[in-house]
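Peer 1: The structure is given below, and queries will be raised subsequently.
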Amino acid sequence: MKKIDLELLKVALVRFLLGLVPLGSMLFVSAGTLAWMDAWLLLGMLFIPMLFVGALLLVYEPGLLRSRLKARERRRVQQSMQAATAALFAMVFVSAGLNRRFLWLSLPHWTSTAAAVVFGLGYLLYAEALRENIWLPRTVQVRRGQKLLDTRLYAHIRHPMYAATVLMCLSMPLILDAPLSAIAMLVYLPLVASRMDDEERLLIRKLPGYADYCERVPWRMIPQIW
């Protein structure tokens, strides 16, 4: 049995709780109740797979887990976009909780179920992008020895990871039965587009062959559309 790095385990658990506790607090405090099944569903879909994958990495790929936990954006433009995204998410989740508390607007029950399916598909796409691209970092950077990937998912779209996060993020307020929050979450699209623009400028400068790849694969996230 492989020896577990206890210090890495502690860091991973702290990071996990720093995601779970604030999000749960925003949802349930603003809703004024813990009896909100849609919120529990979202938290489960977000954090149970994360816990499972983190445990696997801890045992079998501790180096990869350590690098992803320590990743920090160094580019100022990316730091600004991260801050804007965090503020947007906080507004979306708090407004969703307030919608639950005051019953402002509601959608048919099947909407939440359909959104959960879309979220799951986004998670699978994200996992596949991670599996295919060992160079895929949490931050915008080009690492030493990085090679261009243009097969499988990357033969059809240049940013499957961003496509996955868009599916997941746009579906979250619908899982919470919060139509006004879903409209607010649309602001995420120009934030993602700005992040991709900045990332591609970096890749064109520093990753050999990326400019030609952009010509061969013109679609960023949706084949034949975008």
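Peer 1: How high is the relative contact order of the chain, in percent, counting Cα pairs under 8 Å that sit 6 or more residues apart?
Peer 2: Working: 227 pairs, mean separation 57.3, N = 226.
Computed value for the chain: 25 percent relative contact order.
Peer 1: What dipole magnitude, in Debye to the nearest 20, does the chain give about its Cα centre under +1 on Lys/Arg Cβ and -1 on Asp/Glu Cβ? Before the final figure, lay out each step's value.
Peer 2: Values: 26 positive and 15 negative charges, 181 e Å.
Dipole about the Cα centre, nearest 20: 860 debye.
Peer 1: By the gyration tensor of its Cα atoms, with a ≥ b ≥ c the square roots of the eigenvalues, what is the shape of region 181-226: rounded for a/c under 1.5, prolate for a/b over b/c, or oblate?
Peer 2: Oblate.
Peer 1: Please give the peptides 212-219, 23-30 ranked by average Cβ packing (other Cβ atoms within 10 Å per residue), highest first, as a rough proxy for protection. Provide the component values of the computation, followed by the final result.
Peer 2: On the way: 212-219: 12.8, 23-30: 17.4.
Per-residue mean Cβ counts within 10 Å order the peptides as 23-30, 212-219.
Peer 1: Turning to a different aspect of this structure: Taking only Cα atoms of the chain, what ratio of Rg to Rh do you get with Rh as the Kirkwood inverse-distance radius?
Peer 2: Result for the chain is an Rg/Rh of 0.98.
Peer 1: Which whole-number value in Å² is the accessible area per residue of region 84-207, probe 1.4 Å? Kindly include the intermediate steps, with their values, before the conclusion.
Peer 2: On the way: 6240 Å² over 124 residues.
Result: 50 Å² of accessible area for each residue.
Peer 1: Continuing with this model, one more query. Please list 196-202, 170-176, 101-107 highest first by mean number of surrounding beta-carbon atoms within 10 Å per residue.
Peer 2: Result, highest mean Cβ count within 10 Å first: 170-176, 196-202, 101-107.
Peer 1: Taking Cα atoms, how many degrees apart are the long axis of helix 188-206 and the longest axis of the chain, rounded to 10 and kept between 0 and 90?
Peer 2: In the chain, helix 188-206 runs at an angle near 10 degrees to the longest axis.
Peer 1: Can you count the Lys pairs in the chain with C-alpha separation below 30 Å, eight or more apart or on different chains?
Peer 2: Working: Lys2/Lys10; Lys2/Lys70; Lys3/Lys70; Lys10/Lys70; Lys70/Lys147; Lys70/Lys206; Lys147/Lys206.
Step by step, the pairs that qualify in the chain add up to 7.
Peer 1: Compute the angle between helix 6-31 and the longest alpha-carbon principal axis of the chain, please, reported from 0 to 90 degrees and rounded to the nearest 10.
Peer 2: Result, in degrees: 40.
Peer 1: In whole angstrom, how far apart do the alpha carbon centroids of region 176-226 and region 89-115 sit?
Peer 2: 26
Peer 1: Can you compute the label reach from Asp197? Point 7 Å from Cα along the Cβ direction, backbone N cut-off under 20 Å, restricted to region 60-100.
Peer 2: Label zone hits: 74-88.
Peer 1: Right, something else. Accessible area of the chain with a 1.4 Å probe: how many percent of it is carbon plus sulfur?
Peer 2: Numbers: 8930 of 13090 Å².
Its accessible area is 68 percent carbon and sulfur atoms.
Peer 1: While we're looking at this one, here's another question. Sort 16-22, 46-52 for me by packing, meaning the mean count of neighbouring Cβ atoms within 10 Å per residue, highest on top.
Peer 2: So the peptides 16-22, 46-52, ranked by packing, come out 46-52, 16-22.
Peer 1: Taking only Cα atoms, what is the 0 to 90° angle, nearest 10, from helix 76-102's long axis to the longest principal axis of the chain?
Peer 2: Taking the Cα atoms of the chain, the angle to 76-102 is about 20 degrees.
The values are calculated or read from the model by the stated rules, or taken from the named source; none is laboratory data. It should be emphasised that the depicted structure is a prediction, and the values quoted were computed from it without experimental measurement. Note: ideal-geometry Cβ built from the backbone for every residue, glycine included; neighbour counts use all protein chains shown. The protein model used for the area step is the full one, side chains on, heavy atoms only, and it has no ligands, DNA or RNA in it. Shrake-Rupley method; radii C 1.70, N 1.55, O 1.52, S 1.80 Å.
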